[in-house]
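Beneath this line is the structure, given in structure tokens, with notes to follow.
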Amino acid sequence: MIQAIVFLPLIGFLVAGILGGRIGARGSELVTTTLLFIACGFSWIVFFDVGLGHGHASTAVLGNWFASGKLSVDWALRVDTLTAVMLIVVTTVSALVHFYSIGYMHEDPDRPRFFGYLSLFTFAMLTLVTADNLVQMFFGWEGVGLASYLLIGFWYQKPSANAAAIKAFVVNRVGDFGFALGIFLVFQLTQSVGFEQVFAAVPGIAGHKIHVFGADFDALTLATFLLFTGAMGKSAQFLLHTWLPDAMEGPTPVSALIHAATMVTAGVFMVARLSPIFEYAPDTLAFVTLIGAITAFFAATIGLVQNDIKRVIAYSTCSQLGYMFVAEGVGAYSLGVFHLFTHAFFKALLFLGAGSVIHAMHHEQDMRNMGGLWNKIPFTFAMMTIGTLALTGVGIPGTELGFAGFFSKDAIIEAAFAAGEHRSVAYLAFVSTVVAAGLTSFYSWRLVFMTFFGKAKEVHGDAHAAHDHDDHAHADAHGDDHAHDSHGHGHHAPHESPLVMLIPLAVLAAGAVVAGAVFMGDFAGHAYDEFWKGALFTGHENHILHAMHEIPHWVSYAATVMMILGFLVALFVYQLAPGTAQKIAQAFPRLYRFLLNKWYFDELYDAIFVRPAFALGRLLWKGGDGRIIDGLGPDGVAARVVDGARLAVKLQTGYVYHYAFAMLIGVAAVVTWFVAGGLR
């Protein structure tokens, strides 16, 4: 069954990619979507068997991949509770995104290619989460990077989409280089890349030093630090986060699949999977906590002022990933995975809901041009509201009443406080996550109020032409009528999306409502030991889940209080006193520009890395390759031959007296030679 789960999406990719021209767009949609739903059904069976049932973890060896010296790598599929959780997250969201895309992309002429890319991404992600060794994990890791590049740049006629795809690919390569070095170091230390062998060897090398760059470092600390740099890139953490907002250039279903529920959580999964290594590297865990705390806060501040509806949700994703790493940094790996699980439902719901809003507004994405939509697209409004309630963590502390985010996010905040006794950085994480909870509530309700309430704006059928981030601006390059469909031009009332786009919203909304309450006991409660069954590792000194029950009562209410404050401030600014936001921006223009320009990270990186890299490239290209190598080499020799030929051609004039004169000069030269020789 596990083989079917992994390889059915690959079959869908091959069918859509190779036979898409023959079976057409409809055939490609049906084949890929059907195979994903089958894989999704199998995944839930595995989850109930291994996670919730009495099934045992297992490994299916498909064969030896390669062997070189001491390095032998099998292609094997590992199935335990952690794998099962990731399987249902990946396949459920992917299946719903495939189904949603049938409606959202129905006018695009390249649907076979789009659905093929979606299935390719799903296959790569499944190989990552089922990997039984670091090399196979790296294969899936790079596979999702490739698929992400293809999907972000799907509309390759748009220069902005190409730039965003390249940016995502390059930034991820920075982190992936560190990830690869980490794998090399783990192999050097343990002489293996298989998880079981590595985990068994780790206690024996704890405390060992390694000499690098003229200094001694703790071997496991260095290895885990390098591995975590890969997670920072893939999960868009602070310093390697700049690619995620630009990735919104891809179609909205791509944002829901890759940048909300699956690819960006690969780093969180990797740290959880390698918890037996990270537990022996407390300094790295402190660094993980610090990066997660900074990311949770700084991404939330940027989300406060963004006007593109997808970018607001993108920065929300970045912030929530910070929460997950805070949980793992303090040793509460199960809480990080739990938030990954619940976040997948409500964040995919918000992205797909945003797609429904964009569809209703004829491809408008600027929230300043929206308003008054709650009674025009009531179902989408209801679904977006549910997603917002789950994201902001609405619930009643001390009870089992609440939306999904209430259980997972609040538990992370409590874990950060509980860990503060042993790690001072955890207190910083606690403050950061609590403040971020208030900011999250503000920008989330800001999105709802600006989009669905207030004065309704006029909708233009060709509004997309004025916006750089239009999901369908590529239509003009195709020369079709995609961007000028039945809506035509002129003014049109917003309209609800078709049923094929609304059904996935309803399914995800159900998960956003009940996933937290239903599974809290399994992930981090009374059924923890039976549920995880050794899939996660915690050291003998790691009692974080127990310590959470001994925190002061006020800590449990902190996130809820901040959530309420954020809601009330958003209500006042955008509903009760319209125009307040503009006044605040005018009162603090520098702060407003600082946040609007995303802390100027793009400008900073452009000055430090991009421009010098281009300058060096031009120097090596024009100076080194052009002037020196080509100038003195092939091009130089060829040019001299041409010059010689040009001179020789000038001697061949065709006039007899020129040739007679040349002969006379020759005779004179010969006579002179003999006369001069005779004199000696």
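The values are calculated or read from the model by the stated rules, or taken from the named source; none is laboratory data. Just so it is clear, the model here is predicted, and its values are computed rather than measured. Cβ sites come from the backbone with ideal geometry, for glycine too, and all protein chains shown count toward neighbours. Side chains are part of the model used for accessible areas, which takes the heavy atoms of the whole protein and leaves out ligands, DNA and RNA. Shrake-Rupley method; radii C 1.70, N 1.55, O 1.52, S 1.80 Å.
In this entry, residue 96 passes the filter for residues that are touching a Cys at 6+ places or on another chain (Cβ under 9 Å), within 23 Å of residue 257 (Cβ to Cβ), open to solvent by less than 70 Å² (accessible area, probe 1.4 Å) and in a helix (DSSP H, G or I).
Being open to solvent by 20 Å² or more (accessible area, probe 1.4 Å) and modelled with pLDDT under 90: is that true of residue 218 here? Taking the combined requirement at face value, the residue does not satisfy it.
Yes/no matrix, rows are residues, columns are (1) more than 20 Å from residue 119 (Cα to Cα); (2) open to solvent by less than 10 Å² (accessible area, probe 1.4 Å); (3) of a type outside the set (A, V, I, L, M):
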{"position": "236", "(1), (2), (3)": "yes, yes, no"}
{"position": "252", "(1), (2), (3)": "no, yes, yes"}
{"position": "256", "(1), (2), (3)": "no, yes, no"}
{"position": "260", "(1), (2), (3)": "no, yes, no"}
{"position": "264", "(1), (2), (3)": "no, yes, no"}
{"position": "268", "(1), (2), (3)": "yes, yes, no"}
{"position": "276", "(1), (2), (3)": "yes, no, yes"}
{"position": "281", "(1), (2), (3)": "yes, yes, no"}
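Residues that are farther than 30 Å from residue 58 by Cα, more than 16 Å from the chain's Cα centre (by Cα) and either open to solvent by 10 Å² or more (accessible area, probe 1.4 Å) or not β-branched (Val, Ile, Thr) (or both): does the stretch 164-174 have at least one? Scanning the stretch 164-174 turns up no residue that is farther than 30 Å from residue 58 by Cα, more than 16 Å from the chain's Cα centre (by Cα) and either open to solvent by 10 Å² or more (accessible area, probe 1.4 Å) or not β-branched (Val, Ile, Thr) (or both).
So that you can scan it fast, the table gives a plain yes or no per residue for (1) modelled with pLDDT of 90 or more; (2) of a type in the set (Val, Ile, Thr); (3) open to solvent by 30 Å² or more (accessible area, probe 1.4 Å); (4) over 16 Å from residue 411 (Cβ atoms):
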site	(1), (2), (3), (4)
491	no, no, yes, yes
495	no, no, yes, yes
500	yes, yes, yes, yes
503	yes, yes, yes, yes
508	yes, no, no, yes
513	yes, yes, yes, yes
545	no, no, yes, no
578	no, no, yes, yes
594	yes, no, yes, yes
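Each residue in the stretch 109-136 was checked for being open to solvent by 10 Å² or more (accessible area, probe 1.4 Å) and under 21 Å from residue 24 (Cα atoms), and 7 of them qualify. Looking across the stretch 38-78 at every residue that is open to solvent by less than 10 Å² (accessible area, probe 1.4 Å) and within 30 Å of residue 184 (Cα to Cα), the one that is nearest to the chain's Cα centre (by Cα) is identified as 77. Within the stretch 409-429, is even one residue farther than 18 Å from residue 546 by Cβ, among the hydroxyl-bearing types (Ser, Thr, Tyr) and crowded, with 24+ Cβ neighbours inside 10 Å? No - not one qualifying residue is present in the stretch 409-429. Every listed requirement among (1) open to solvent by 50 Å² or more (accessible area, probe 1.4 Å); (2) over 30 Å from residue 443 (Cα atoms) is met by residue 617 save one, (1).
Residues that are in contact with a Ser or Thr (Cβ under 8 Å, 6 or more places away or on another chain) and either hydrophobic (A, V, I, L, M, F, W, C) or open to solvent by 10 Å² or more (accessible area, probe 1.4 Å) (or both) within the stretch 299-311 comprise 299, 300, 309, listed in sequence order.
Return yes when residue 571 is within 28 Å of residue 315 (Cβ to Cβ) and open to solvent by 60 Å² or more (accessible area, probe 1.4 Å) and no when it is not.
For residue 571, the condition - within 28 Å of residue 315 (Cβ to Cβ) and open to solvent by 60 Å² or more (accessible area, probe 1.4 Å) - is not met.
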